[in-house]
Amino acid sequence: MKLQQIFSSLEELAPGFPPLEINQITQDSRNVSTGNIYIAIRGEKRDGHDYLEEAISRGALVLVVENKSKVPNHFKGTVVEVKDTRKTLDYLASAFYYKPGRELFCVGITGTNGKTSIAYLVEAILNHGNKMTGVIGTINHHCGAQVWPTELTTPDSLFLQKRLREFCDLGAKAVAIEVSSHALMQKRVESVPFDCVVFSNLSRDHLDYHKTMKNYFLAKQRLFADLLWSTSKNPSRAIVNSDDIYGRRLRIAETAGLWTYGRKDCDFQFRNEEFDFGKTKFLAVTPVGEILVEIKTSGLHNIYNSLAAIAVGVAAGMTLPAIAEALKNFSGVPGRMQFVETSRNFSAVVDYAHTPDALQNTLHSLNEIRRRKKEKGGKIWCVFGCGGDRDVGKRPLMAKIAADSADHIIVTSDNPRREDPLKIIQEINNGFDALSREKVKLEPDRQKAIEMALTLADSQDVVLIAGKGHEDYQIIGDQKIHLSDVEIIQKFFKG
């Protein structure tokens, strides 16, 4: 692609670029080769301007910088100085891949909990409406039969735009993107022209990065104010959980329409809910009518997730009967309230709940189902831990939530990373009062902890394995070791 073509969308840059053919854009000096644009990004730990010499030596034709004085005097190529290289990287990536977002119905989903579930529900609904939909999120990236592994909820700008182009090439008509607060702060989705953006909820998480809840909230708000304001799509719409206190505080771009969802006094409401293990029914009341909805998962929070997805489906022009049919046939999300078959008369559930709010929602849902069932007397077991190198303040909070809502608790390791697993477990244990500790067991080996719960559970009990959900690995130190909660349960009953 010609250099002038790549920069054409950035109006503040003067025309007159040399007729260079560019074959790659990168912000990693180690990946530079002849014919590349190198963009110097200032990160938390490293400054890309410190690697300009390496980029030049590897054949960079163009340098995009925030400070021209950092460019070595001997460089004879093209230098472009901008105010914000992160934002510039995003727009150049979109241009380099021929602006794939313009060809797709783009849905951005943000919030502390529920992003993955909503993305999968949106995919099921839009696919049913003959809009082949790609998903970019926590579990993986996928479109049709094609699946790519991923490590970040929202990838960097170059990777994201490349993936969107691949979706288009596969025939996709829509995309559901989980948009993390990190991605919003680091301007990874600036050039995605969103049709719909969804806010699920906000509760304590990522304070190791954002420091305060205010900063965390303001990061999320960027999607609804700044990005929705700049989208090229018309109409565009914000879909917001108005039962969440932060949802009610959101500032929405004046150019966008707003739909709220929740229990009452909103555009999309639910009534007459019925819960069972692995199944939920409710009446959805919407601006275009009412319909009975059945989903193959449990919990009040999944009604909220479904309502958000229903609103997206309506925004995309689908009928309520088609949406309800799609939801009824939807098999669920890996690791989200996933019921795993056992050979004994109790239930085993794997859930990604790794924040205080998520754990509280999941345990509340299981208790509510237990309360409504005819068979009484079953106990709830909760196996959980907390990730290392993350917000330590949530550890005692999760202990209190487990103590308030579970009958038996086994505290174990999550992804300890570079922290001492025993130290993390002790900090969780400090959150239990003397009475609660009577029902708590400590087992740092996650597999042994899960097997302990499965061994001790009685008839009608529910065993919740929380924290890792779909993940099939455990991070200890710098190593990623294979470990799957679902596989451990399955092997336990086969053995």
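What to note about this one:
- Counting beta carbons within 10 Å around each of 240, 198 and listing the fewest first gives the order 240, 198.
- Global form of segment 338-494, assessed from the alpha-carbon gyration tensor, a/c cut-off 1.5: oblate
- Given the choices (i) 34.5; (ii) 24.1; (iii) 23.4, Kirkwood radius over Cα pairs in Å derived from the coordinates of this structure is entry (ii).
- Tilt relative to the chain, helix 446-456 - C-alpha long axis, 0 to 90 degrees, to 10: 20 degrees
- Nearest 10 degrees, 0 to 90: helix 320-329 Cα axis against the chain principal axis: 70 degrees
- Evaluated at q = 0.21 Å⁻¹, the base-10 log of the normalised Debye intensity for segment 403-484, with identical point scatterers placed on the Cα atoms, takes the values -1.07.
- Computed helical MRE - 222 nm, the chain, DSSP H runs ≥ 4 contributing -39500 (n - 2.57), nearest 500: -9500 deg cm²/dmol
- The length gained on full extension between residue 445 and residue 371, counted as 0.36 nm times the residue separation minus their Cα-Cα distance, comes to 23.4 nm.
- Cα centroid separation, segment 350-372 to segment 205-246 (Å): 25 Å
- Among the GluC sites (Glu not before Pro) found in segment 276-368, those both in a DSSP coil and sparsely packed, with 11 or fewer other Cβ atoms within 10 Å of their Cβ, are 341.
- Those trypsin sites (Lys or Arg not before Pro) in segment 252-287 that DSSP places in a loop and that have at most 14 other beta carbons within 10 Å: 264
- Fraction of antiparallel bridges per DSSP, segment 338-494 only, in percent to nearest 5: 30 percent
- Set of lysines near residue 87 by C-alpha distance (under 19 Å), chain-local residues within fewer than 8 positions excluded: 45, 68, 99, 162, 187, 220
- Partner lysines whose Cα lies under 29 Å from the Cα of residue 328, excluding those fewer than 8 positions away in the same chain, are identified as 115, 131, 173, 264, 279, 281, 296, 373, 374, 376, 468.
- Taking 250, 442, 89 and counting other C-beta atoms within 10 Å, the order from fewest to most: 442, 250, 89
- Global form of segment 141-283, assessed from the alpha-carbon gyration tensor, a/c cut-off 1.5: rounded
- Of all DSSP beta bridges in the chain, antiparallel share, percent nearest 5: 35 percent
- Cα-centred dipole magnitude for the chain, charges only on beta-carbon of K, R (+1) and D, E (-1), debye, nearest 20: 360 debye
- Spatially proximal aspartates and glutamates relative to residue 233 (Cα-Cα < 12 Å; intrachain offsets below 8 disregarded): 103, 195
- With the charge dipole of segment 338-494 set up from +1 on Lys and Arg Cβ and -1 on Asp and Glu Cβ about the Cα centre, the Cα lying farthest toward the positive end among the listed residues 442, 405, 488 is that of 405.
- Estimated D of segment 3-96 in µm² per second, where Rh is the Kirkwood radius over Cα pairs and Stokes-Einstein applies at 10 °C, 1.306 mPa s: 121 µm²/s
- Pair residue 342, residue 279: separation of 7 Å Cα→Cβ label points (nm): 2.0 nm
- With respect to the chain, whose longest principal axis is taken over its alpha-carbon atoms, helix 85-96 is tilted by about 80°.
- Between segment 265-329 and segment 146-174, the alpha-carbon centres lie 28 Å apart.
- Unit charges at the beta carbon, dipole of the chain: most positive-side option, 71, 313, 428: 313
Where a number appears in this text, it was derived from the coordinates with a stated rule and is not lab data. Predicted model, so just to flag it, every value in this text is computed and none were measured. Using ideal geometry, Cβ is built from the backbone for each residue, glycine included, and neighbour counts are taken over all protein chains shown.
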